[in-house]
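What follows is one structure encoded as structure tokens, with my remarks underneath.
The values are calculated or read from the model by the stated rules, or taken from the named source; none is laboratory data. Quantities reported herein were computed from a predicted structural model and do not represent experimental measurements. Backbone-built Cβ (ideal geometry, glycine too); neighbour counts: all protein chains shown.
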Amino acid sequence: MKDRDPFYYILQPDFVLMNRRVYKQTLVARPSYTLEIQRKEWMHMTNNHVQTEPLKDKLEDNLNKIRNELGGSDDIIIREIGFGKDRIAHAAVIYTDGLADTKLITDFILDSQTQGNHAEEIDHATDEDNLLDALKSLALNLGDHKEITDFAGLYSNLLSGNTVLLLDGFARGIAAGTQGWKGRSVSEPVAQSVVRGPQEGFTETLRTNTSMVRRKIKDPNLWLETMQIGKVTKTDVAIMYIKGIVNDKIVEEVRARLGRIDIDGILESGYIEELIQDEAYSPFPTVSNTERPDSVAAELLEGRVAILVDGTPFVLIVPTLFISFFQTAEDYYQRADISTLLRIIRFISLFIAMVGPALYIAITTFHQELLPTQLLISLAAQREGVPFPAFIEALMMEVTFEVLREAGIRMPRPIGQAVSIVGTLVIGQAAVEAGIVSASMVIVVSITAISSFVITGYSMAISIRMIRFVIMGLAAAFGIFGIVVAMIALVLHLCSLRSFGIPFMSPFAPFIPADHKDTIFRFPHWAQSTRPRLINQKNTTRELMSRPTKPEK
Amino acid sequence: MTSNAKISIRQFSVLIMFYTIGTTILVIPSSLAADAKQNAWIAAIAGWLLGLLIVAVYMVLGKLFPHMNIIQYLAHVLGKWFGKLIALGLIFFSFIGAATVIFYMGNFMTTQVMPETPIEAFIVLFASLIVLGLRLGLEVLARTAEILFPWFVILFVILALFLIPEIELEKIMPITEFGIKPIMKGAVSYASYSSLPLIVFFMIYPASLNRNKEAGKAFFIGTFLGGIFVIIVTFLSISILGVDFTERNMYPSYALGKQIIIGNFIQRVEILIAGIWFMTIFFKSALYAYSFVTGLAQIFECKDYRPLVLPSGMILAAYSLIVYPDVVYMMDFDTTVYIPFSLVFGLLLPLMLLGAGILHKRMIK
């Protein structure tokens, strides 16, 4: 009997046979409050002291403890096997269903039962260490393995998709990399699409993301460091940089700032961004994000550091300059002259998005003389029936637009159409016909809205949206003087920002002529001979090539 | 307390340039026209040359103490107590300067642009901007100047280009009708407006610059460029508005903006052009206030000047409302009292300090 049935040792009363190979732990129905209490205890444990209780000798004790502490969770699979000749070695395979690659594990179990080549070895295993080594070599066809000695290591491996092997009589175990879960496949980036350029975007899986960057930069100097952040979520956070190009001090600073994070959970890179940025109180983002592997590769080549967070396709880039929010990946794939033109258009859009409505308010309220007489007459005629001052008019329209935009984003897709119909009808025409706002105001608001879409850095665009209202208020009270004061204050604030020690407004202020090859102008690639100066001063030469020459006749 | 803020040579030149232009661009054509009539632009050139001469003295003085600011140097050369006494006089000069400049801004806005808004509103807003700038520090101010510099140049070029068609050269004839004396008088008044107040830069120069050796050159270049802008505006005022109008108008350069008419759709852009002096006046008042606040912190040996910024800003805002009881007083003060006042601090003090410094060096040897 023992010889014929490979699963003899697993047939414990606690287990129910689910199919020929997989046994699931029975779920004992418990009152939910016990689960709640257990969860609290677990939180308490993980929050206050890292659980470093060592593993026990007896397999049964270990398994019971695991079952207890994981609250008998259904997706934790524990399978006990015996292997070796006569199945003398008693072991347990523990993994999380859904996170671990089940096929790999079943293959491993099958191997352990059928393959005899290690059997003799185990027979001779009088020394205890040899038995563990035998198990290790058996587990070779699983992923990379490391030894674990305590429960903290066991849990973190188990819950991140690795498989834990425990052997009876050993206070040590093996964690084998079997991560493999259903993730979203690589698809087009949603927020940063391009006409020309790679059409792949990051996914939610950290490993896929790092591999996508590796595929772009095949250099041994591309280094990757991974750490776990979040006491409860234990999220994998990786920093990537090119050794030799990056400024070591910045890497050090990134490491230090990430190390300082003490939080229960990291669910998106936005958490990290807020926790590591230089200036806590600023409407402007000093950390940028991208979901494009080619952008990340380009930034790494400029000497920046990428921070990849498991569970989100948005990768953080530090240090970030103001100008980064006006550069797109496509700028570098298109011809240089057209890219320059597009950048200038983006800056004009920034200006319109920020002060468009404010200028309208200031001019119609205080500086009518600026307008040509005929335009002034037609404006006055339009505003004749409008009972509100220009500021209130503008405020109403801007707020309505922001509401519409928010509705458009949050709504389920099919209803979105309804929003746009209502929006165009109500705002576009009815409001003007009803005499609530003037037609020219509608034009101003529309231009402002469209301009704000042009700014490529989404996080920059949303801060501009916010600042717009402040400038509108100042324009309503002080006219152009208010706008100029607001602009000076804004520039003062922008100049005071730093991103990981690098002045945010560089290379404009401090002015660095050499770095203007890729700011407002995008020089052709053959002319971009150096990397940005402030980010790294060591390895600044990017390429040594002169202008392409015509063939000699 | 010397903050280890370091600014670059380029930033320093831009700051000097903004400071030289400051309120000068707004008021000097009128006061030059009062003295030198149609030769006001020659007076401006003469004043500019005089200013460069003064800067040359400053450069020599700066070489004496490359790692100190003026308050430290005063204490070093004249002794702790006497040095501090003179330093108090100097920061009083900065204080008066800052208050008057803020008043200029408010007065300009209420008389020319928005007559119904009370002057307090402008002054409080402007003073808050200065407080913001000072709290952020010298480095940030310098970087801001660097960013705003192209905007300033663009606006100025627009002004100058659009006005070229309006120039009537007969208005500046005959040249040197009244001899050289009124021109010299105008030159002195130009220097007292734009060059002598440069003494407040000794709070920055040369200790807070990253390359001390080239600092003198930057000082010179800033004054040189700033003067050219003022000369152009003076020339335009005289040749377009005429002597009489320039003389009677308090802000002739603003009136210049009203003259622009291009193709029936660009017209009356004076308020956009006024953006030029919103910027320059901001830097002038901020630098005056910086010199006042850092000087004060140094005299009383505070570790950091920042806690003094907000109270000083409030005092400045309040004081700028009463520094001139009315505009008549302002014009009287500017033409009679201010010139000797600025001569004492802008020329006499550095000359004295130069003498004392050289003596001090000899005595040590």
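Considering region B:244-258, and only residues there that are in a helix (DSSP H, G or I) and in contact with a Ser or Thr (Cβ under 9 Å, 6 or more places away or on another chain), the residue that is nearest to the other protein chains (Cβ to nearest Cβ) turns out to be B:255. Among the residues of region A:508-524, just one is more than 7 Å from chain B (Cβ to nearest Cβ), in contact with a strand residue (DSSP E or B) (Cβ under 9 Å, 6 or more places away or on another chain) and either small (Gly, Ala, Ser) or in a loop (DSSP other than H, G, I, E, B) (or both), namely A:514.
Let's see how each residue does on (1) in a loop (DSSP other than H, G, I, E, B); (2) buried (at least 17 other Cβ atoms within 10 Å of the Cβ); (3) among the aromatic types (Phe, Trp, Tyr):
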position	(1), (2), (3)
A:345	no, no, no
A:351	no, no, yes
A:354	no, yes, no
A:360	no, yes, yes
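Taking strands (runs of 3 or more DSSP E) as the structural unit, those lying wholly within region A:257-333 and holding at least 2 residues that are aliphatic (A, V, I, L, M) correspond to A:305-309, A:315-318. Considered as a group, the residues in region A:416-429 that are aliphatic (A, V, I, L, M) and surrounded by 12 or more Cβ atoms within 10 Å (Cβ to Cβ) include one that is nearest to residue A:445 (Cα to Cα), and that residue is A:427.
The set of residues in region B:80-120 being facing another protein chain (nearest Cβ under 9 Å) and either surrounded by fewer than 17 Cβ atoms within 10 Å (Cβ to Cβ) or not in a helix (DSSP H, G or I) (or both) consists of B:114, B:117. In the set (1) loosely packed, with under 13 Cβ neighbours inside 10 Å; (2) among the small types (Gly, Ala, Ser); (3) within 14 Å of another protein chain (Cβ to nearest Cβ), the condition left unmet by residue B:179 is number (3).
Scanning region B:308-365 for residues that are outside any helix (DSSP H, G or I) and over 21 Å from the mean Cα position of the chain (by Cα), we see that the one that is modelled with the lowest pLDDT is B:365.
When the criteria are applied in full, residue A:190 meets the requirement of being among the hydrophobic types (A, V, I, L, M, F, W, C) and farther than 30 Å from residue A:90 by Cβ. When A:489, A:527, A:477, A:461 are screened for being more than 14 Å from every other protein chain (Cβ to nearest Cβ), under 27 Å from residue A:392 (Cα atoms) and of a type in the set (A, V, I, L, M), only A:461 passes. Checking B:153, B:157 one by one, the residue that is assigned to a helix (DSSP H, G or I), within 14 Å of chain A (Cβ to nearest Cβ) and either closer than 24 Å to residue B:267 by Cβ or at pLDDT 90 or above (or both) is B:153 and no other.
Which residues, counting only those in region A:337-376, are at pLDDT below 90 and more than 14 Å from every other protein chain (Cβ to nearest Cβ)? Those that are at pLDDT below 90 and more than 14 Å from every other protein chain (Cβ to nearest Cβ): none in region A:337-376.
For residue B:123, state whether it is in a helix (DSSP H, G or I) and either within 9 Å of chain A (Cβ to nearest Cβ) or within 18 Å of residue A:485 (Cβ to Cβ) (or both). So residue B:123 fits the description; yes. In region A:129-144, the residues that are closer than 17 Å to residue A:59 by Cα reach residues that are small (Gly, Ala, Ser) and at pLDDT below 70 with C-beta atoms within less than 8 angstrom, at least six apart or across chains, in these pairs: A:131/A:125. Among the residues making up region A:221-256, those that are closer than 15 Å to residue A:318 by Cβ, touching a residue at least 60 places away in the same chain (Cβ under 8 Å) and out of contact with any strand residue (DSSP E or B) (no Cβ under 8 Å at 6 or more places or on another chain) are A:245, A:247, A:249, A:253. Scanning region B:259-282 for residues that are facing chain A (nearest Cβ under 9 Å), of a type outside the set (A, V, I, L, M) and under 24 Å from residue B:313 (Cβ atoms) gives B:275, B:278, B:282.
Each row is one residue, and each column tells you yes or no for (1) over 31 Å from the mean Cα position of the chain (by Cα); (2) free of Cβ contacts under 8 Å to residues at least 12 places away in the same chain.
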{"position": "A:440", "(1), (2)": "yes, no"}
{"position": "A:471", "(1), (2)": "yes, no"}
{"position": "A:475", "(1), (2)": "yes, no"}
{"position": "A:493", "(1), (2)": "no, no"}
{"position": "A:540", "(1), (2)": "no, yes"}
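Of a type in the set (A, V, I, L, M, F, W, C), buried (at least 18 other Cβ atoms within 10 Å of the Cβ) and not assigned by TED's automatic domain parsing to the domain that holds residue A:464: does that describe residue A:287? So residue A:287 passes the test.
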